[in-house]
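Working notes for the structure below.
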Amino acid sequence: MSEWLQQAIARADSIQDGFEDQRASSLALLKDIQWPTRKTEAWKYTPLRAVERSTAIFKEESPELEPVAVEGLEFLELTFVDGQLVSLPEELPEGLTIEMQESSLFATIKPERHVFGLVNDVLAADVAVVTVAEGVAIEQLLRINNLLSNGAQGHIRVVVDIKAGASLKVVENAEGQGASLTTAYTEYQIGAEANLEHYRFALQAGDNVAIGGSHFKLLEKASLNSSIIGFGSNLQRIDTDIIHAGEKADAKLNAIYLLDGTELFDLHANVEHAVPNCTTEENVRGIAGDSSRAVFNGRIHIHRDAQKTLAELNNRNLLMSNKAEINTKPELEIYADDVRCAHGATIAEIDRKALYYLQTRGVSRSQAQLMLSFGFINELIDQMPTAELAEWVRPIIRDRFAQMEVK
Amino acid sequence: MSNENTLLSIKDLHASVEEKNILKGLNLDIKPGEVHAIMGPNGAGKSTTGYVLSGRDGYEVDSGSVTLDGKDLLEMEVEERACAGLFLAFQYPVEIPGVSNLEFLKVAVDAQRQARGEEALTSAEFLKMAKEACKQVNLPVSFLKRGVNEGFSGGEKKRNEIMQMILLKPKLCILDETDSGLDIDAMQVVANGVNSQRDSERSFIVVTHYQRLLDYIKPDFVHVLADGKIVKSGDASLAKELEEQGYSWLQTEPTEDELED
C-alpha cells in the first residue's frame, strides 16, 4: 500500500459527519485494497507516480478563487475551493434544492471498484446533495466548480437526484492551479422520464493531478446527454459509468481530449445495460501531440436480460507526433442475443503531405492543420446542446490544436 | 551576375534528402519574365530543386544561398515563400478529401492577399474569379465543390494546379514535370494556361524530362541538370539537341536511386 493512501486513510479516520455509515464501509474496503500498479488492468497505462510523489496538502486557509466566466451564461454556482464548499447560489429556482445532508444515493451509483472513488468517499469534506423535484424543469445551468489553489489537495463530492419527469443541466468545471491534487466524483440518479444535460470540463493542463468520475443511473425512459472535454495534465483520469436501470432509457456520451507536451489523459467509460430496450451512443475523439499519452477504455456491458439494446461506441484519434501515444480499448460484452451493437477505434496520423501542399499555397501551418483535422473534433462541439458553452469552448480547443507542432 | 533585376538567384546550392546529397552546387539566376527549362535524366535532382525551393520537410540545405526578390528564401517558412510569390505546381498533386477545392482556394488566396496587405475578397468576388480560372483550364466549375484533387484524373489534377497558379498570381512558378502523364490535348490545355500567365514580370522554371512540352511553352533558356548541378545551358535549341541525342552523352556516374517523389 502506498504512503499516500495510508495518509488518506489516517485522515479519514478523523472525519466525523452525517455520512458515517457509508464512509465506514468505504473505509473498510479501502484498508483492504491493493494499490493499483501497472499490472492492474484499470491502471495499466496510467502510472500513479504523480499521486505517490504529490506534495499537495490540505490547506487551513485558501485564497479566494473565481471560476472562469462564460459569455452569455449565468450559472447557479456551487463552488468548492481546495475541497471546501465556499459558495452556494443565493436564490434557487422553485423545485431545486441544495443541501449538505445525508443522501441514500451516496456511494450507490458510483461503483466500488474505483479506488479513488473510495478515497473520495472518505475524504470529501462537504458532500452536496442536489435535488430537482418531480416534474420540474430547471432552465438555468448549475455549475459545480472544483477550484484548487497551487499545491492544495481537495476532494469534492456531489450527489444529484433528478426526480421523475424533471430536468436539469449541470456543468462540472475543474480548475486546478499548479501542483494541486484533487478527486472529484459526482453521482446522478435520473428519474423516470427525467433528463440530464451534462458537461464535464477538465481544461486544466499543467502540473496538477486530477482523478474523478461522473456516474449516472438512468431509470425508465430517462435520458442523458453528456459531454466530457479534457486536456491532459500531470495526471488526468476520468471514470464515467452509465447504468441503464430502467427500460427505454437513452444515453449519449461525447468526449474530446486534446493533449500536448508530456500530458497524460485517461478516460474510462463503462456502460451497463441491465434492462431491455435502452440505447447508448458514445463518440470519443482525441488528439495527442508531442510526447503525450492518451488512454481510452470504453466498455459496454449488455446483460442477459437487456434484449433490444442499441449501443454504439466509436473512438477516433489523431497523432500529431511520433512520440505521442494513444492506448485505446473498446470492449463489448454481450450476453443478450437480440441486440444491435457496434464499436470501433481508429488512430490516424496527421497527413504531412497534405499539410505541406496547403502551405505551398500560402496557408499557414496552423490553419492548414485546422482545415485538415479539426473537423472531427468540431463535429462533437457542434452537438453540445447549450450553444453558449460550445461557443465558449470551441476557440479554446481550436487554439490549443492550432498551436500543436507536428513532430 | 546577380543584380537588382534578378528575381531568383541560386548560388552554389547543396542539399540532401535523408543524408544523401542530391544537389551538389546548383547555380541559377532568373530575371523577371524569363522562362527557364530544366531538363535532365531521372535522379538528377530536378524535383528536389522544386521541393528545396518550396521548403519541404526533410529536404535539407547543406550550403549555398537562394534569394527571391533579394530576400533570403531559405529562412522562410513554406507558406511565407508562397506569400513571397513562389508557386510550385506538383508533379503529383495531393488529394485532400474533406476540404473542398473552393474552400482551399479561398483560404489560400485570402492568406496571400493578407500577407501582401491587400483587402480580402468577398465570397462572391472570389467565386467569380475561381469560375473564370476553371474555364481557362477547361475544368468544369463543379470541380470547385469537390474535395481537393479527390478522385481527379491525372490531367484534371494538373489543370487544377494551373488553375491555382492563375488565381494566386505568383512571381515565380515552378512547374514540376507538369507534362508527365498527359496526352497531347491535355498538355496543350495546360500549356495554354501557362502561356496566358506569361508576362514581363512573371518567371517560370519548367522542369521536364521530355522536350515536347517545350514546343508549347517556349523557354528563353534551357539548362541540363545532371548529378545535382547544371552541366550545360543554352537557348531553346538545346532542348531539340537533347531530344535527338538523349542524355547518354552526359556520362553520368551509375544512376542513383530515384529519390524524386
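Take each residue of peptide A:346-358, count the partner chain Cβ atoms within 10 Å of its Cβ, and average: the result is 5. Sites listed here are chymotrypsin sites (Phe, Trp or Tyr not before Pro) in the range A:236-321 whose DSSP assignment is loop and whose Cβ has at most 16 other Cβ atoms within 10 Å, and the list is empty. For chain B, modelled as a GNM whose springs connect Cα atoms under 10 angstrom apart, the maximal fluctuation among B:Ser123, B:Ser54, B:Ser100 occurs at B:Ser123. With bins 5 Å wide beginning at 0, the percent of Cα pairs of the range B:25-169 falling in each bin runs 2, 8, 16, 20, 20, 16, 12, 6, 2, 0. Taking only the alpha carbons of the range A:3-351, we obtain Rg and Dmax values of 19.3, 57 Å in that order.
Please state the shape class of the range A:288-379: rounded when a/c is under 1.5, otherwise prolate if a/b exceeds b/c and oblate if not, all from the C-alpha gyration tensor. Prolate shape, in that a/c is at least 1.5 and a/b is the bigger ratio.
The distance between label points at A:Asn314 and B:Asp215 comes to 5.2 nm (points 7 Å beyond Cα on the Cα→Cβ vector). The heavy atoms of A:Val275 offer some 30 square angstrom of accessible surface to a 1.4 angstrom probe.
The mean count of C-beta atoms from other chains within 10 Å of the C-beta of residues in A:363-376, rounded to a whole number, is 4. Once the Cβ-Cβ distance of A:Ala125 and B:Ala115 is raised to the sixth power relative to R0 = 45 Å, the FRET efficiency obtained is 0.20. Residue farthest toward the positive end of the dipole of the range A:213-275, with Cβ of Lys/Arg at +1 and Asp/Glu at -1: which of A:Thr262, A:Ala249, A:Gln236? Highest projection toward the positive end goes to A:Ala249.
About the centre of its Cα atoms, the range A:136-275 shows a dipole size close to 220 debye [charges on the beta carbon of Lys, Arg (+1) and Asp, Glu (-1) only; nearest 20 debye]. Label zone (A:Phe58, point 7 Å along Cα-to-C-beta; backbone nitrogen cut-off 13 Å) within the range A:87-130: A:120-126.
With R₀ set to 25 Å, the beta-carbon distance separating A:Asp290 from A:Asp382 gives a calculated FRET efficiency near 0.40.
Within the accessible surface of the range A:3-351, defined with a 1.4 Å probe on protein heavy atoms only, the carbon and sulfur portion equals 44 percent. Alpha-carbon geometry of the range B:180-227: the Rg and the Dmax are 11.5, 33 Å, given in that order. Treating r as the C-beta distance of A:Gln307 and B:Asp57 and R0 as 60 Å, the FRET efficiency rounds to 0.65. Please compute the contact order of the range A:3-351 in relative form: average sequence separation of alpha-carbon pairs under 8 Å and at least six residues apart, divided by the residue count, as a percent. Dividing the mean separation by the residue count of the range A:3-351 yields 11 percent. Farthest towards the positive end of the charge dipole of the range A:289-382, among the residues A:Leu355, A:Cys341, A:Leu380, is the Cα of A:Leu355, using unit charges on the Cβ of Lys, Arg, Asp and Glu. Here the simple spin-label model places points 7 Å from the Cα toward Cβ, and for B:Leu127 and A:Glu134 these points are separated by 5.7 nm. Rounded to the nearest 20, the Cβ-based charge dipole of the range A:3-351 about its Cα centre (Lys and Arg +1, Asp and Glu -1) stands at 1260 debye.
Full extension from B:Glu77 to B:Lys31: what is 0.36 nm times the residue separation minus their Cα-Cα distance, to one decimal in nm? Kindly include the intermediate steps, with their values, before the conclusion.
Details: separation 46, 0.36 × 46 = 16.56 nm, distance 2.32 nm.
Separation in residues times 0.36 nm, less the Cα-Cα distance, equals 14.2 nm.
Other residues within the sphere of radius under 14 Å centred on the Cβ of A:Ala137, judged by their own Cβ, net out at -3 (K and R +1, D and E -1).
Taken residue by residue and averaged, Cβ atoms of other chains lying within 10 Å of the Cβ of B:84-90 number 2. Look at where the Cα atoms of the range B:44-119 and of the range A:202-256 average out, and the two centres are 44 Å apart. Charging the Cβ of each Asp and Glu at -1 and of each Lys and Arg at +1, and nothing else, the dipole of chain B about its Cα centre rounds to 940 debye.
Mind checking how much accessible area B and A bury in total, 1.4 Å probe, in Å² rounded to 100?
By this definition, chains B and A bury close to 1800 Å².
Working from label points 7 Å from Cα in the Cα-to-Cβ sense, the A:Val68 to A:Arg49 distance is 2.8 nm.
Taking chain A as a Gaussian network of alpha-carbon nodes connected by springs under 10 Å, the highest mean-square fluctuation of the residues A:Ile211, A:Ile334, A:Ile377 belongs to A:Ile334. Taking chain B as a Gaussian network of alpha-carbon nodes connected by springs under 10 Å, the highest mean-square fluctuation of the residues B:Pro140, B:Pro32, B:Pro41 belongs to B:Pro140. The orientation-averaged projection of the convex hull spanning the C-alpha atoms of the protein assembly as shown amounts to 35.2 square nanometres. Since only B:Asn21, B:Leu68, B:Gln112 are under comparison, the one whose Cα sits farthest along the positive direction of the charge dipole of chain B, derived from C-beta charges on Lys, Arg, Asp and Glu, is B:Gln112. Annotation: lysines with alpha-carbon distance below 18 angstrom to B:Lys11 (same-chain offsets under eight excluded): B:Lys24, B:Lys31, B:Lys46, B:Lys71, B:Lys229, B:Lys232. Pairwise Cα distances in the range A:217-272 exceed 13 Å in 63 percent of cases.
Rolling a 1.4 Å probe over the heavy atoms of the protein chains gives chain B an accessible area of 45 Å² per residue.
The largest accessible area among A:Tyr357, B:Tyr247 belongs to the first residue in B:Tyr247, A:Tyr357, and the rest follow in falling order (1.4 Å probe, all chains). Take the convex hull of the alpha carbons in chain B; its mean projected area over all directions comes to 13.7 nm².
The values are calculated or read from the model by the stated rules, or taken from the named source; none is laboratory data. Computed from a prediction, not measured in an experiment: that's the story for all the values here. With ideal geometry, Cβ positions are generated from the backbone for all residues, glycine too; neighbour counts draw on all protein chains shown. SASA here: full protein model, heavy atoms, side chains in, ligands and nucleic acids out. Shrake-Rupley method; radii C 1.70, N 1.55, O 1.52, S 1.80 Å.
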